[in-house]
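A short write-up of the structure that comes next.
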């Protein structure tokens, strides 16, 4: 995958992704996505296009354990989130819904600016800032997670195959 970046800082919590004032009014992801990052920066949603890659600092996605945040991010067309680190629950929820999340080095994140073109190869475990010609590797997902990610998440995988790749029954 390849896309232009939207750059965010450290400690982006799930209420910055989608404010709690909306999460309790509706479960409609399309409706919720209209308010993405509203409390962080009301103009941010206008910079997100289909294929956008979010690049962020430390502790991305801390806060609520609900899947709203990664689902809204995926709904608006973000193809991946690359950050210095992720909150564990957000990371797991993102994988569950098929949103690629990659932990990258501090130097890669710090050298990437808003609007840079970034490419990501989940199978090979490479990310590259095409604008600045900076590349690094990361440990690819285990094969069973890669399969789930290719299918768009656990629910999509289960609907298609009737079981999960790690189900040994």
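A short reminder: the numbers here are calculations on the coordinates, not readings from a lab. Here the structure is a predicted model, which is why all the values come from computation and not from measurement. Don't worry about glycine lacking a Cβ; one is built from the backbone with ideal geometry, like all the others, and counts go over all protein chains shown.
For the chain, relative contact order (Cα pairs under 8 Å, six or more residues apart, normalised by length) works out to 22 percent. Residues 158, 60, 138, 86, arranged from fewest to most other Cβ atoms within 10 angstrom of their Cβ, appear as 158, 138, 86, 60.
Does the range 12-104 classify as rounded, prolate or oblate by the C-alpha gyration tensor (a ≥ b ≥ c root eigenvalues; a/c under 1.5 gives rounded; else a/b over b/c gives prolate, otherwise oblate)? In terms of gyration-tensor shape, rounded.
Distance distribution note for the chain: the fraction of Cα pairs above 27 angstrom is 22%.
Using 1/(1 + (r/R0)^6) with R0 = 41 angstrom and r between the beta carbons of residue 146 and residue 21, what's the FRET efficiency to the nearest 0.05?
Values: r = 36 Å, r/R0 = 0.89.
In this case the efficiency is close to 0.65.
Helix-only mean residue ellipticity at 222 nm, the chain, DSSP H runs n ≥ 4 weighted -39,500 (n - 2.57), per residue, nearest 500. What is it? The per-residue figure over the chain is -8000 deg cm²/dmol. Largest GNM mean-square fluctuation among 23, 49, 159, using the chain with Cα springs under 10 Å: 159.
Taking the number of Cβ atoms within 10 Å of each Cβ as an exposure proxy, the fewest-first ranking of 17, 76 is 76, 17. State the Cα centre-to-centre distance between the range 49-89 and the range 102-163 in whole Å. If you average the Cα positions of each part, the centres end up 12 Å apart.
The fewest-to-most ranking of 107, 146, 33 by surrounding Cβ atoms within 10 Å reads 107, 146, 33.
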